[in-house]
Each structure stands twice: as C-alpha cells, then as structure tokens.
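Following: one structure in structure tokens, then a few remarks.
The values are calculated or read from the model by the stated rules, or taken from the named source; none is laboratory data. Predicted model, so just to flag it, every value in this text is computed and none were measured. Neighbour counts are summed over all protein chains in view; Cβ atoms, including those assigned to glycine, are modelled from backbone coordinates with ideal geometry. Ligands, DNA and RNA are excluded from the accessible area calculation, which covers all protein heavy atoms including side chains. Shrake-Rupley method; radii C 1.70, N 1.55, O 1.52, S 1.80 Å.
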Amino acid sequence: MIHQYKMNGYNIVLDVYSASVHVTDDLAYDAIHLLDEGKSVDEARKELAEMYKDASAEDIDDTFSDIQELKDNGKLFTEDIYEKAAGYLKKQTTVVKALCLLVAHTCNLNCSYCFASQGKFKGDEGLMTFETAKRAIDFLVENSGNRRNLEVDFFGGEPLVNFDVCKKTVEYARSIEKEHNKNFRFTLTTNGVNVTDEVIEWANKECYNVVLSLDGRKEVNDRFRVNRAGQGSYDRIVPNFQKFVKARGDKAYYMRGTFSHYNTDFTKDIFHMADDLGFTELSMEPVVTDGKSPSTLTEEDLPVLYEQYEILAKDMLRREKDGKPITFYHYMIDLEHGPCVYKRVSGCGSGTEYMAVTAWGDLYPCHQFVNDPEYKLGNVFDGVDRTDLVDTFKECNVYSRPECKKCWARMYCAGGCSANALHATGDIKGVYEYGCKLFRKRMECALMMKVAEAEMAQEQENEAE
Amino acid sequence: KHIVTLNMSEEKGGCGECTSCQACKTSCIANQKCENKNA
C-alpha cells in the first residue's frame with residue numbers, strides 16, 4: 001500500500017509497510033500513481049508518454065527503472081507482512097508498565113469541556129490517600145515483569161490539590177526502585193493554579209515531563225478554563241507556567257491546549273504561546289465531547305482545521321530556518337528510529353500495559369474510562385479480576401478494526417484511541433472517524449516537514465562545499 | 001534520477017521499554033521513539 005500527496009511544492013510518496021518516504025518529480029509521481037491503479041508497466045509507460053509529450057523515451061525508461069529498483073529493495077509497493085505481529089500480541093502475556101494516578105477527583109478550576117467532568121469523573125469528589133498511592137506503586141512493580149522503565153503520571157482532576165501525596169509517592173517509589181531494578185519516570189499534568197516555588201523545585205527534580213494546560217490566547221483560554229466563581233484562569237496561570245518553564249532548563253515539558261469549535265483558528269493560539277509567552281514545546285488537541293456540546297467540532301470545521309495544520313507546518317519550517325524552532329507534539333516523527341512494529345500495531349497499551357487508578361484504588365483501562373462500571377478492571381489491592389477485559393483490549397489493534405484495513409496511516413496511529421472509539425461508536429473496536437481525518441492530515445504535514453528539513457540540510461551541505 | 005528516498009525494528013523490537021498517553025491524553029504513536037539500544 002502506498003499514499004501519494006502533494007504539499008508545499010513537494011510530491012510525496014509514502015510506502016506504508018516499509019515506512020519509506022519518497023520525494024519524486026512529476027514524471028515518477030504519475031508513474032507510481034498509474035501502477036498503483038493496477039496498470040501494467042507497459043500500459044503505464046504508454047499513458048505516461050501521452051501525459052508527458054516532452055519527456056524522452058530515456059526519461060520514461062529511467063523512471064520505471066527507479067521504481068523497479070525501489071520495489072526490489074523493499075521500499076515501494078511492499079506487502080503487509082505484519083499481521084502476524086498482531087497474532088503474536090494476542091498470545092503474549094502483557095505486563096503493566098504505566099499508571100495514570102488520579103490523585104485528586106476534584107479540581108480548582110471548573111472547565112465546562114472537561115472530559116473528566118471537573119475531575120469528578122461523573123462520580124464523587126475525593127483525594128487519594130498515600131496508602132492507596134503506595135499500593136498502586138507496589139501493584140505496578142509486581143505486575144511489570146522484567147520491564148525496567150515504569151511510568152506514573154500524576155493526574156486528576158488537579159493533582160496539585162493533593163501535592164503532599166504526590167511527593168510521598170515519588171519518595172516511596174525512589175526508595176524501592178533500585179532493589180527491584182526499576183526506573184520510575186514521573187510526569188505531572190497540571191492546570192497551573194497551584195504551581196508554587198516548592199512545586200517547581202520538586203517537579204524539576206523528580207518529573208521526567210510536565211504537561212501544562214493552557215489553551216492559548218487569553219480570551220480563548222478564559223472561555224472554558226475558569227474557576228468555580230466563573231473567573232478566567234489566564235492571568236493567574238501564565239506567570240506560574242513561565243516561571244516553571246524557565247526553571248525547568250532543558251527538561252521536557254509541553255504546553256497542552258485544547259481547541260474547539262470556538263477557536264478553529266488554533267494556530268493563533270500556538271503562535272501566541274510561542275511568540276508572546278516564550279513557550280517552545282507545544283501541543284494543541286481537538287476537544288473531546290459527547291457530541292452535543294456547542295464546542296463540538298463539526299464537519300464544516302474540517303477544511304479550516306486542515307488549512308490550520310498546513311499553516312502550522314509551514315510556519316514551523318520558517319522558524320527553523322530563522323534558527324528559532326518550536327516543537328509541535330504531533331509533528332514529532334523520527335523516520336530512522338521510530339516505534340517498532342509491535343508498538344505500531346498495538347498502540348497506546350490501554351487496558352493492558354497502561355491503566356488508570358482512581359483515588360479509591362480502582363483500576364480502569366485508561367483515564368477516559370474511569371467510573372464506567374462496564375470497564376472496571378479490578379483494584380490495586382486485589383489485582384485485576386476482569387482478565388476477559390484485558391484480553392479484549394489486547395485484541396484492540398490496527399488489524400482488529402475493519403475500517404483501518406485501507407488506511408495508509410495505520411502504521412502511525414496503531415488503530416487510534418479506544419476511548420474515543422467507544423464514545424463515538426459505542427464500541428472500543430470502532431473508529432472515531434473525525435479523529436482519523438485530523439490524524440491523517442497531521443501525518444501528511446509531519447512527513448512534509450521531514451522532506452523540507454532534508455532539503456534544507458542538503459542546501460546547507462552544498463553551501464558548505 | 002526521479003526519486004529521492006528520505007529514510008520498520010521488526011527484527012529486534014517489542015521490548016516494551018519505550019507509553020504514548022503519558023502530552024495529549026486524548027488524541028492518541030507516531031511521535032514515539034524506540035528506546036531499545038540494541039534495535
């Protein structure tokens with residue numbers, strides 16, 4: 001399977017099953033297209049000669065010879081040989097390697113679009129005790145097999161409402177990691193309200209990554225991200241985040257915004273965070289709603305969003321040229337050292353490698369399933385009792401979703417998010433088609449950036465000579 | 001002359017040391033890196 005598209009003046013061909021990315025001239029682009037349509041080489045050669053009357057016979061011969069060479073080297077029109085990886089995953093005993101700790105089922109903000117219903121997850125308010133958090137760490141160690149890297153995200157609600165438990169949990173995990181040959185990587189997702197000097201010092205010492213929630217421009221952020229009195233949070237959280245990021249040095253962070261139907265011009269929010277606020281590591285995500293909210297993204301929004309993603313990619317290239325690059329989470333692709341095929345097939349690991357722990361110690365496949373009684377896996381005290389559910393999630397991969405069969409992006413998205421699929425279609429093995437459309441556009445932009453960056457590197461090399 | 005190739009772990013992958021859900025949290029693997037030093 002291949003995918004061809006034109007963007008920013010480039011003809012790009014992705015070979016899906018080898019993950020090879022090719023840049024072609026017009027002649028080769030159309031030749032590949034004709035072959036992909038099922039034409040024989042002779043038929044394609046004839047049609048190409050009709051299309052390009054100025055092209056010499058030698059040029060056309062060279063084009064098909066290039067294509068044949070790539071085919072022979074397994075870089076073009078490669079077959080899908082990875083379905084067996086899905087079968088292997090189904091049989092494999094999985095281990096748990098990451099937990100999302102919901103240390104606070106409450107929040108000091110009252111964002112109306114919050115998928116976690118202001119941290120309560122459609123249930124009771126509550127804070128995780130240290131005993132439960134400690135048990136969660138032990139559960140992770142006990143169920144992680146020989147995995148060395150273990151991840152714990154402090155999440156909520158707003159985790160800093162329960163900062164003391166966060167600190168004690170890290171202290172406990174650090175005290176046992178050597179004896180178990182584990183390496184804990186902690187992350188913190190926060191709305192910024194309670195970011196103090198003490199929090200900054202602790203997070204910069206202990207957290208591998210911090211995710212800081214800010215939607216961009218003041219009027220955009222303050223539309224949804226308000227406190228319980230209805231006041232916007234921008235003026236309070238921005239100085240906190242700026243101080244946090246400055247103190248963070250070269251450690252990882254992401255400014256994580258949400259865009260909705262109200263700000264489909266979301267690149268303005270990204271550029272505001274970059275140019276006016278000084279943040280360089282950025283992530284803007286489409287809102288997840290129940291479909292009834294006025295903030296829900298619509299089909300009519302799609303062309304606007306596609307254009308926004310292209311504007312962003314081109315602007316990021318400009319910034320790179322100017323020596324002031326920014327990072328956009330979804331455009332981070334490594335064409336040489338990306339995820340292995342097992343990861344590409346199996347996805348995020350929700351319900352198998354990754355679980356969410358509620359304040360009371362209950363286990364769910366991920367933070368988006370919390371308090372859905374059908375998806376309660378067990379608890380950290382007694383372990384997982386719904387092994388049937390774990391098996392179901394194990395089967396959630398790119399090969400179990402018929403809609404993914406013909407999708408060129410399948411080896412980049414791994415079948416998408418099961419929670420989004422459930423909310424959109426009622427089935428964790430469904431697909432959230434709207435999310436797929438945005439994902440494919442982001443991948444096209446990300447691959448185009450790789451092409452442009454390679455061209456830039458070549459130009460610099462030529463100049464150096 | 002007509003095609004430039006810019007750059008799929010199957011042989012040595014699957015070690016599990018690399019979890020994507022731990023920036024976006026809602027619109028989940030392309031931007032992950034393999035952390036297997038031997039692959």
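Yes or no: A:ILE200 in contact with a Phe, Trp or Tyr (Cβ under 7 Å, 6 or more places away or on another chain) and buried (at least 22 other Cβ atoms within 10 Å of the Cβ)? No; evaluated as a whole, the condition is false for this residue.
Pairing residues of region A:447-465 that are more than 18 Å from A:GLN4 (Cα to Cα) with residues that are at pLDDT below 95 and in a helix (DSSP H, G or I), at Cβ distances under 9 Å and at least 6 apart in sequence or on separate chains, gives A:GLU453/A:GLU320; A:MET456/A:GLU320; A:MET456/A:LYS321. If you check A:VAL96, A:VAL152, which single one turns out to be touching an Asp or Glu at 6+ places or on another chain (Cβ under 7 Å), within 13 Å of chain B (Cβ to nearest Cβ) and either surrounded by 22 or more Cβ atoms within 10 Å (Cβ to Cβ) or modelled with pLDDT of 90 or more (or both)? After applying the criteria, what remains is A:VAL96. Any residue that is out of contact with any helix residue (DSSP H, G or I) (no Cβ under 6 Å at 6 or more places or on another chain), assigned to a loop (DSSP other than H, G, I, E, B) and open to solvent by less than 30 Å² (accessible area, probe 1.4 Å) - is there at least one of those in region A:18-36? Within region A:18-36, one or more residues are out of contact with any helix residue (DSSP H, G or I) (no Cβ under 6 Å at 6 or more places or on another chain), assigned to a loop (DSSP other than H, G, I, E, B) and open to solvent by less than 30 Å² (accessible area, probe 1.4 Å). The single condition among (1) crowded, with 21+ Cβ neighbours inside 10 Å; (2) in a helix (DSSP H, G or I) that A:HIS423 does not meet is (1).
Output yes when any residue across region A:398-407 is within 19 Å of A:GLU142 (Cα to Cα), at pLDDT 90 or above and not aliphatic (A, V, I, L, M), and no when none is. No - not one qualifying residue is present in region A:398-407. Reported count of residues in region A:16-36, each being more than 9 Å from chain B (Cβ to nearest Cβ) and more than 20 Å from A:MET51 (Cα to Cα), is 1. Among all positions in region A:325-347, there is at least one residue which is farther than 20 Å from A:LYS429 by Cα, surrounded by fewer than 17 Cβ atoms within 10 Å (Cβ to Cβ) and modelled with pLDDT of 95 or more.
Whether a residue is open to solvent by 50 Å² or more (accessible area, probe 1.4 Å), farther than 22 Å from A:ILE81 by Cα and more than 14 Å from chain B (Cβ to nearest Cβ) was assessed, and A:ASN379 does not pass this test. Just one of the numbered conditions (1) touching a helix residue (DSSP H, G or I) at 6+ places or on another chain (Cβ under 7 Å); (2) open to solvent by less than 20 Å² (accessible area, probe 1.4 Å); (3) at pLDDT below 95 is not true of A:TYR254: (2).
So that you can scan it fast, the table gives a plain yes or no per residue for (1) on the phi > 0 side of the Ramachandran plot; (2) assigned to a loop (DSSP other than H, G, I, E, B); (3) of a type in the set (A, V, I, L, M, F, W, C); (4) buried (at least 23 other Cβ atoms within 10 Å of the Cβ):
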| residue | (1), (2), (3), (4) |
| --- | --- |
| A:TYR113 | no, yes, no, no |
| A:ALA116 | no, yes, yes, no |
| A:LYS122 | yes, yes, no, no |
| A:ARG135 | no, no, no, no |
| A:SER144 | no, yes, no, no |
| A:VAL165 | no, no, yes, yes |
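Restricting to region A:223-240, name every residue that is outside any loop (DSSP other than H, G, I, E, B) and either touching a helix residue (DSSP H, G or I) at 6+ places or on another chain (Cβ under 9 Å) or open to solvent by 40 Å² or more (accessible area, probe 1.4 Å) (or both). Matches in region A:223-240: A:ARG223, A:PHE224, A:GLY232, A:TYR234, A:ASP235, A:ARG236, A:ILE237, A:VAL238, A:PRO239, A:ASN240. One residue is enough: does region A:368-389 have a residue meeting the conditions touching a helix residue (DSSP H, G or I) at 6+ places or on another chain (Cβ under 6 Å), outside any helix (DSSP H, G or I) and within 30 Å of A:THR327 (Cα to Cα)? Yes, because at least one residue in region A:368-389 is touching a helix residue (DSSP H, G or I) at 6+ places or on another chain (Cβ under 6 Å), outside any helix (DSSP H, G or I) and within 30 Å of A:THR327 (Cα to Cα).
Per this entry, A:GLY87 is counted among residues that are more than 23 Å from A:MET456 (Cα to Cα) and more than 11 Å from every other protein chain (Cβ to nearest Cβ).
Take A:LEU102 and tell me if it is more than 11 Å from chain B (Cβ to nearest Cβ), of a type in the set (A, V, I, L, M) and either surrounded by 14 or more Cβ atoms within 10 Å (Cβ to Cβ) or more than 18 Å from A:ARG344 (Cα to Cα) (or both). So A:LEU102 fits the description; yes. If you filter region A:37-66 down to residues that are more than 9 Å from every other protein chain (Cβ to nearest Cβ) and open to solvent by less than 20 Å² (accessible area, probe 1.4 Å), you find that the one that is nearest to A:ALA454 (Cα to Cα) is A:PHE64. When we screen A:ARG185, A:ARG174, A:ARG225, A:ARG217 for residues that are away from every other protein chain (no Cβ under 14 Å) and under 30 Å from A:ASN143 (Cα atoms), the only hit is A:ARG174. When each of A:GLU69, A:GLU131 is tested for being more than 14 Å from every other protein chain (Cβ to nearest Cβ) and outside any loop (DSSP other than H, G, I, E, B), the lone residue that passes is A:GLU131. Scanning region A:214-239 for residues being modelled with pLDDT of 95 or more, in contact with a Ser or Thr (Cβ under 8 Å, 6 or more places away or on another chain) and among the polar types (S, T, N, Q) gives a total of 1.
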